[in-house]
1. Restricting to the stretch 447-463, name every residue that is without any contact (Cβ under 8 Å) to a residue 60 or more places away in the chain and either touching a Cys at 6+ places or on another chain (Cβ under 9 Å) or near ligand 1 (Cβ under 9 Å from one of its atoms) (or both).
2. Filter the stretch 478-504 for residues that are hydrophobic (A, V, I, L, M, F, W, C) and touching a Leu at 6+ places or on another chain (Cβ under 7 Å); which is farthest from ligand 3 (Cβ to nearest atom)?
3. Which is on the phi < 0 side of the Ramachandran plot and within 23 Å of the chain's Cα centre (by Cα), of Glu486, Glu474?
4. How many residues does the stretch 520-550 contain that are hydrophobic (A, V, I, L, M, F, W, C) and farther than 18 Å from Tyr379 by Cα?
5. Does Phe150 qualify as being part of a loop (DSSP other than H, G, I, E, B), at pLDDT 95 or above and either among the small types (Gly, Ala, Ser) or in contact with a Pro (Cβ under 9 Å, 6 or more places away or on another chain) (or both)?
6. Taking only the stretch 1-57 into account, find how many residues are buried (at least 19 other Cβ atoms within 10 Å of the Cβ), of a type in the set (D, E, K, R) and within 16 Å of ligand 1 (Cβ to nearest atom).
7. Quick one: which residue in Glu474, Glu446 is acidic (Asp, Glu), over 30 Å from Ile698 (Cα atoms), assigned to a loop (DSSP other than H, G, I, E, B) and at pLDDT below 95?
8. For the stretch 634-652: of the residues being assigned to a helix (DSSP H, G or I) and in contact with an Asp or Glu (Cβ under 9 Å, 6 or more places away or on another chain), which is surrounded by the fewest Cβ atoms within 10 Å (Cβ to Cβ)?
Amino acid sequence: MGLLSLGTPLDWHESKKYNEHVRHNGITQLINIFKQHFNRSNDQFLWGDEVEYMMIDIDPINKTAKLSIDKDYILNDLNDSDKSLSKSINNNILFHPEYGRYMLEGTPLKPYNGNCIDEYVYVEKNMKLRRLISTQELPKHIKPLTITTFPRMGCEFFTSPPAKPIGPASQSLFLPDEIINRHARFPTLTANIRKRKGHKVGINLPLYPDKFTKLLDDSIPKDRQLFKSDKEPWLGASKPGHIYMDSMGFGMGSSCLQITMQCSDINEARYLYDSLAPITPIMLSLSAAAPIFKGFLVNQDVRWNVVSGAVDDRTFIEKSQEPYPNFKLFGGLDVNKNEILKNNNYDLNEFGDIKNVYSNDGKPIQRIPKSRYDSIDNYLSDFKYDTNYFKDEYNDLNAPINKKVYDRLSKEFPQYFDKYLSNHFAHLFIRDPLVIYSERINQDNELSNDHFENIQSTNWQTLRFKPPGLYRQEENISFKPGWRVEFRPMEVQLTDFENAAYSNFISLLSKAILKFKPNFYIPISKIEINMKLAHNVNSIINEKFWFKSFEDWNLDNDEFIGYDFSWFDRFLNLGNDLLNNDNEVYLKGYSSSYSSTTNLSQMNGINGSISKKNCSNKTIEKINDIDDYGMDQRYTIDDIINGSKDNKFPGLIKLIIKLIAIDLIPNQKHCQDEKLELNLIKLRYYLLLISKRAKGEIPTIANWLRLKTINNPNYKHDSKVSEIINYDLITDCDKLTDLKDRKSVESLFGNVITDYLYSEQYFNTF
Ligand code: ADP
Ligand code: MG
Ligand code: MG
Ligand code: MG
């Protein structure tokens, strides 16, 4: 969440009058951004992470752990120059508000320099400082933990101090409004989503079926009569066999890890955005950390569909859903031609609009297949970049667009907005603004981008294409943030080590993508399928994911042989030179001039002619389903990350190791510097963490938490997470966070990584 605008947020019934005004001026601002920045180039590869924390009140006497909702003043203190701001600044940290009153978001104050190896290693130190400084601001019994979801959120007495779920903003049966950030933006956002939608959000997660699980959510109050919406679970909102959640906080109150990277220019950013799209479900699966919601074990491992449902402001008609009895098909929209829909008799045009039905401000009513928090619907296309891999068939979701926006961008400013970019923004602009401040209705479109950001930043998708801001003529824009791509699917991890590892993995992979320029395009509908697969329990080892056929990555596999974990050993250990003459494999990895030999190919079982193909002569169906070997094109995450067992294709980690070897360290045969050695060892362990999770050798946090719950002596095999189990889980997480208890650390990371975390080598990197 960026800085909060100060002002009075309008209630939906007031604010909706300005929807078209915000969209129109937002697009004017976007056009001005393109005028100012379209041609900027040679920006540095800068990047930054965002980590979200939950403040948890741990009471060892009563054995309870609760979300602390009255310590949010620390956020103000950490941003107050008379209080603790200097502490943040001196440590290169910035704390931001988040949806939950119990939440904090921490980022580096200045982005990291992605060309400098020290800065990758520094990330963890920065994360540790964020934890330290926020902990210092809090009473001793309250800890800022990086857990993705709080296990008993929405159960009785889950907050400290206690609060009742009777709030008018969310009208939730489970979540009190006191969990929502006090800034008026957040309760307004919560209420306006509900008001636009015309009913509450409703999220149903399958219960984890254990021996004594009753397949029903018995936590839903039957007889509350506080709000009209209290009836919704009995009118179809709650599904049998599922747990039911009814409020924005269940999703936006969970924590995630996001990475933003700056590209050298707009075309590079578009290629990076597209290349990362197929990686998003893979990283969701690899970071899975959310097996428990509202006091129940659920039959899935991640938070994504919960957040998606939690801010889904679509009306019944937009979702193509039958309304509950006596609820409005059009929700809180003002519609002019209600009568033609009387018999559910309506047609759609090619843009997904329901023919001849408009809201009062002239915007067509549309069928909208996805929530505004969801996976991306379109690639941006790399046709202006030197790769030029994109094909129109890859954008196969036919996501609805705002036709007016599309026409304005593509017809009036074709020099900036080709059909893909026009389509991208026209898709984002099908949404209504959710919060408008009365003081900010009229803006200077040459200098402000608030209206644009109002729509852009409430499209919470797996990736965000972030254009620069608007600046005065006299300012030197080359020092201002440029074209950036944000990677958003990952769940936050428990330790700084893991969060640094995942952050490094994404930033290094992005840099490697820009260096080696692989072709990762697959039809975007396949990514959609992968997102669903990534939700499944232990998807990391149980599922196969659609991915670009390795033969079509447009990389020469031979160029990557040797850039596996052994590269680190060879570069760091002089002794391995002895192997040079006997076994040429050991030469590779630091000789970029190496070319493949028959010997080597035979040794690795490789047919030397396989490498570097392009897919131009294949039909799309063939690319979709079958590769040259007649096998289906779904791969295990192990294959995608670690490369194939038969060494036919590299896997993502080899791309990263080669990048480190040829781009991030001095051009020398062996490491000659102690600091570099420590840094490389650390990067090696970051990659090892990802590699081992991909192989299923060590658990994801979701798996770890699920097993901890099932093995808890108080667990009754009924899928319920009681207060005492919740306490045990949180104290386990707390111990793990600080690496306090070696046994616990081993249970998550295994021996090899644990040895490192307890070694001097690790401590010496801080
Ligand atoms: P949002 O919540 O909108 O994604 P934040 O300000 O919370 O934005 O986080 C943005 C991230 O981008 C931070 O980690 C920050 O360090 C990083 N960042 C800031 N400037 C740049 C830049 N020029 N290039 C890349 N990353 C940047
Ligand atoms: Mg955030
Ligand atoms: Mg943020
Ligand atoms: Mg962000």
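1. Hits for the stretch 447-463: nothing passes.
2. Phe497
3. Result: Glu486 is the single residue among Glu486, Glu474 that is on the phi < 0 side of the Ramachandran plot and within 23 Å of the chain's Cα centre (by Cα).
4. 7
5. No; evaluated as a whole, the condition is false for this residue.
6. Selection size over the stretch 1-57: 4.
7. Sole residue among the options that is acidic (Asp, Glu), over 30 Å from Ile698 (Cα atoms), assigned to a loop (DSSP other than H, G, I, E, B) and at pLDDT below 95: Glu474.
8. So the first thing to find is which residues in the stretch 634-652 are assigned to a helix (DSSP H, G or I), and the list is 637-642, 652.
Add one more test, that the residue is in contact with an Asp or Glu (Cβ under 9 Å, 6 or more places away or on another chain), and what stays is 637, 642.
Numbers: Ile637: 27, Asn642: 22.
Here the answer is Asn642.
The values are calculated or read from the model by the stated rules, or taken from the named source; none is laboratory data. The model shown is predicted, which means the values in this text are computed figures rather than measured ones. Backbone-built Cβ (ideal geometry, glycine too); neighbour counts: all protein chains shown.
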